[in-house]
1. Could you run through segment 91-107 and say how many residues are of a type outside the set (D, E, K, R) and more than 17 Å from the chain's Cα centre (by Cα)?
2. Inspect all residues belonging to segment 153-173 and state whether any of them is farther than 30 Å from residue 58 by Cβ, surrounded by fewer than 21 Cβ atoms within 10 Å (Cβ to Cβ), charged (D, E, K, R) and under 20 Å from the mean Cα position of the chain (by Cα).
3. Among the residues of segment 217-259, how many are under 18 Å from the mean Cα position of the chain (by Cα), at pLDDT 95 or above and of a type outside the set (Val, Ile, Thr)?
4. If residue 177 satisfies all but one of (1) within 23 Å of residue 103 (Cβ to Cβ); (2) touching a residue at least 40 places away in the same chain (Cβ under 8 Å), what's the number of the condition it fails?
5. Please indicate, with yes or no, whether at least one residue in segment 66-82 is β-branched (Val, Ile, Thr), touching a Leu at 6+ places or on another chain (Cβ under 9 Å) and free of Cβ contacts under 8 Å to residues at least 40 places away in the same chain.
6. Sort through 63, 100 and tell me the only one that's open to solvent by less than 10 Å² (accessible area, probe 1.4 Å) and in a helix (DSSP H, G or I).
7. Please state which one of 57, 92, 74 is among the β-branched types (Val, Ile, Thr), open to solvent by less than 10 Å² (accessible area, probe 1.4 Å), more than 15 Å from ligand 4 (Cβ to nearest atom) and more than 21 Å from residue 154 (Cα to Cα).
Amino acid sequence: MPEPSPSDPAKPEIYDLHCHSSASDGSLSPTAVVQRAHGHGVTALALTDHDTTAGLIEAQACAATAGIKLIPGIELSAQWQNQCFHIIGLGIDPAYPPLAEATHILQGTRMNRAERIAEKLAKKNIPGALAAVMAAAGDGMVTRSHFADFLVAGHHVDTQQEAFDRYLAKGKAAYVATPWAELAEAVGWITGAGGVAVLAHPLRYNLSANKMRKLLAVFKEAGGQGIEIVTGRINPDEIKRAAQLAKNFGLSGSTGSDFHTPDQWVELGRLAALPANIQPVWELLN
Ligand code: AMP
Ligand code: MN
Ligand code: MN
Ligand code: MN
């Protein structure tokens, strides 16, 4: 059989459908993320910043120049039964008014939460957090990752993980409960914007089989169509378990690195293959 030529339309795309830029808690600009993805062989990239689409215009401009396909995305924070879940939207129109309004409101929600986290840290004799995280986030969304970086920089902890374990995670000294939108409403913003809703990193929520079944029923009822099967730092056994969820609930499978920062997270495009018996979520994208 002849080798496919580089221009062969049958040449497979290399997908990475989950990553972050400086529009949220990634360290690289949208331009740098797109260039880095291209350099690592990705041919179709979704930029999915936390609760914001602000990086998409810049990413799209860079992608057009670099010759890589940019899928407009978002990673929405949402709640169900008092727990926070992340819903990836793929192929969204960021101008869809309810979605644009939601991200605007989420910016205020996050700023309000940041103020309260900073107050809690100040009570623990760690002042100055708010100014530091606002400076670090710039125009982008303020996240707990920014607080973790602040705590590491001030030598209050040694690692980001320790910052979460000691201060920022649920139940810890500087944790602030956040009124995220209900899961079904967040899914509706994505589908209303013409996008496909994907449950991000399903195994990270530590749900019982019974609760996972209930969650996925609510997610599907709301219009959710996909579930992440291959995600950063996942092992073959976990891929099997996530694939089984996709099979059992009739969901398409997604793949994404969840890249945030060079050398600290899984690299862009460095992803295991989707299991062969799974419908890839990109078949649902226009
Ligand atoms: P936020 O959306 O502001 O609550 O921040 C959530 C982000 O913090 C996640 O997307 C991760 O990037 C990061 N994060 C959450 N939990 C941890 C953890 N245990 N260790 C390190 N980073 C975490
Ligand atoms: Mn993050
Ligand atoms: Mn996430
Ligand atoms: Mn993410």
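1. Looking only at segment 91-107, we keep the residues that are of a type outside the set (D, E, K, R), and these are 91-92, 94-100, 102-107.
Applying the additional criterion that residues be more than 17 Å from the chain's Cα centre (by Cα) yields 95-98, 100, 104-105.
The number of residues fulfilling the criteria is 7.
2. Taking every residue of segment 153-173 in turn, at least one turns out to be farther than 30 Å from residue 58 by Cβ, surrounded by fewer than 21 Cβ atoms within 10 Å (Cβ to Cβ), charged (D, E, K, R) and under 20 Å from the mean Cα position of the chain (by Cα).
3. Counting residues in segment 217-259 that are under 18 Å from the mean Cα position of the chain (by Cα), at pLDDT 95 or above and of a type outside the set (Val, Ile, Thr) gives 13.
4. Residue 177 satisfies every listed condition except (2).
5. yes
6. 63
7. The match here is 92.
Here is a yes/no grid of residues against (1) within 16 Å of ligand 3 (Cβ to nearest atom); (2) under 25 Å from residue 105 (Cα atoms); (3) touching a residue at least 12 places away in the same chain (Cβ under 8 Å); (4) open to solvent by 20 Å² or more (accessible area, probe 1.4 Å):
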residue	(1), (2), (3), (4)
186	yes, yes, yes, no
198	yes, yes, yes, no
203	yes, no, yes, yes
231	yes, no, yes, no
240	no, no, yes, yes
244	no, no, no, yes
261	yes, no, yes, yes
265	yes, no, yes, yes
270	no, no, yes, yes
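The values are calculated or read from the model by the stated rules, or taken from the named source; none is laboratory data. This one's a predicted model, so the numbers in the text were calculated from it and none came from an experiment. Methodologically, a virtual Cβ is constructed for each residue, glycine included, from the backbone with ideal geometry; neighbour enumeration extends over all protein chains shown. These accessible areas exclude ligands, DNA and RNA; they are computed on the full protein's heavy atoms, side chains included. Shrake-Rupley method; radii C 1.70, N 1.55, O 1.52, S 1.80 Å.
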